[in-house]
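Asks: Encoded as structure tokens, here's the structure I'll be asking about.
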């Protein structure tokens, strides 16, 4: 009788793992679709809506470096450099290999650039 119980318990565990894996898969698909929709909003210039959605997303997914990176892109497109840099730094803090590192460095280079020939002496 003990062997039969262990087999049933093993089947329950396998089923549980399957459903958790399926749930994780569904969640990944949802996140992928969400991020693509937000990227499209930013591309279309609907930055306020993208930022609002990303604010909500980040409240529930605080460790999503992609969300901070995209919010940085939205703020950059909006012209709010300070918020863009802050969001890029948050993404980098979560994932040092995030594309936010390149975006951050590029934005800093733009801010540091000046043409000495264009200034009056």
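Asks: I need 102, 51 ordered by Cβ neighbour count within 10 Å, fewest first.
Replies: 102, 51
Asks: So if R0 is 30 Å, what FRET efficiency would residue 113 and residue 44 give, r being the distance between their Cβ atoms, rounded to the nearest 0.05?
Replies: 0.60
Asks: Please arrange 69, 88, 57 by counting, for each residue, the other beta carbons lying within 10 Å of its beta carbon, fewest first.
Replies: 57, 69, 88
Asks: Another question, if that's okay. To the nearest 0.05, how large is the calculated FRET efficiency for residue 86 and residue 55 if R₀ is 22 Å and r is the Cβ-Cβ distance?
Replies: With R0 = 22 Å, the Cβ-Cβ based efficiency is 0.95.
Asks: What do the square roots of 5 times the Cα gyration tensor eigenvalues come to for the range 27-121, in whole Å, largest first, as semi-axes of the equivalent ellipsoid?
Replies: 28, 15, 10
Taken together, the values in this text are just the output of simple stated rules run on the coordinates, not laboratory data. For clarity, every value in this text was computed on a predicted model and none was experimentally measured. Using ideal geometry, Cβ is built from the backbone for each residue, glycine included, and neighbour counts are taken over all protein chains shown.
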